[in-house]
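For reference, the structure discussed in these notes is given below.
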Amino acid sequence: MVTSFSNKTWPDKPVLILRDPDGTAVQTLGYVKGLTADYCFNELSSIEFDVPAYVDGEATPGYELLVGLRTVEINGVGSFVLVQPKTTGDGVSEMKHCKGYSQEHELSRKKFSLTENV
């Protein structure tokens with residue numbers, strides 16, 4: 001992941017863009033709560049955030065689109081692969097807790113053999 005580590009705080013709220021695995025933009029996530037990020041230079045970086053199902057009685061745009069293997073791009077920082085967002089609710093409100101890892105996480109799902117089949 002290529003990130004400038006000189007600026008760890010943003011004066012404005014970062015823009016999160018939900019994308020399909022092929023890179024097509026799906027939705028801008030505007031109602032993100034509790035965004036935390038752990039940027040690592042030589043390891044997997046991660047982000048965590050919550051998205052409510054309803055805001056002011058209206059369904060949150062993009063809530064149903066938050067599923068595993070979609071990517072979330074933070075402008076100026078990088079892309080993160082979502083890992084099975086968890087839905088929690090108390091009967092009155094519902095929220096998805098999302099955790100994502102930097103793009104290098106996709107390499108953990110690839111399998112290859114170093115031996116040649118004859």
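Worth a mention:
- Condition check for ASP50: free of Cβ contacts under 8 Å to residues at least 60 places away in the same chain and assigned to a loop (DSSP other than H, G, I, E, B): no
- Evaluation of VAL83 against (1) under 9 Å from the mean Cα position of the chain (by Cα); (2) modelled with pLDDT of 95 or more (one fails), failing number: (2)
- Scope segment 56-96; condition small (Gly, Ala, Ser), more than 19 Å from GLY23 (Cα to Cα) and touching a Pro at 6+ places or on another chain (Cβ under 8 Å); matching residues: SER93
- Residue, surrounded by the most Cβ atoms within 10 Å (Cβ to Cβ), within segment 33-89, restricted to residues that are among the small types (Gly, Ala, Ser) and in contact with a Phe, Trp or Tyr (Cβ under 8 Å, 6 or more places away or on another chain): SER45
- Pairs meeting the criteria (first residue in segment 1-22 and hydrophobic (A, V, I, L, M, F, W, C) and at pLDDT 55 or above, second residue assigned to a strand (DSSP E or B) and open to solvent by 70 Å² or more (accessible area, probe 1.4 Å), beta carbons under 8 Å, at least 6 apart or on different chains) are VAL15/THR28; LEU16/THR28; ILE17/THR28; LEU18/THR28.
The values are calculated or read from the model by the stated rules, or taken from the named source; none is laboratory data. Since the structure is predicted, the reported quantities are computational estimates derived from the model, not experimental observations. Don't worry about glycine lacking a Cβ; one is built from the backbone with ideal geometry, like all the others, and counts go over all protein chains shown. Quick note on the areas: whole protein, heavy atoms, side chains included, nothing else; ligands and nucleic acids left out. Shrake-Rupley method; radii C 1.70, N 1.55, O 1.52, S 1.80 Å.
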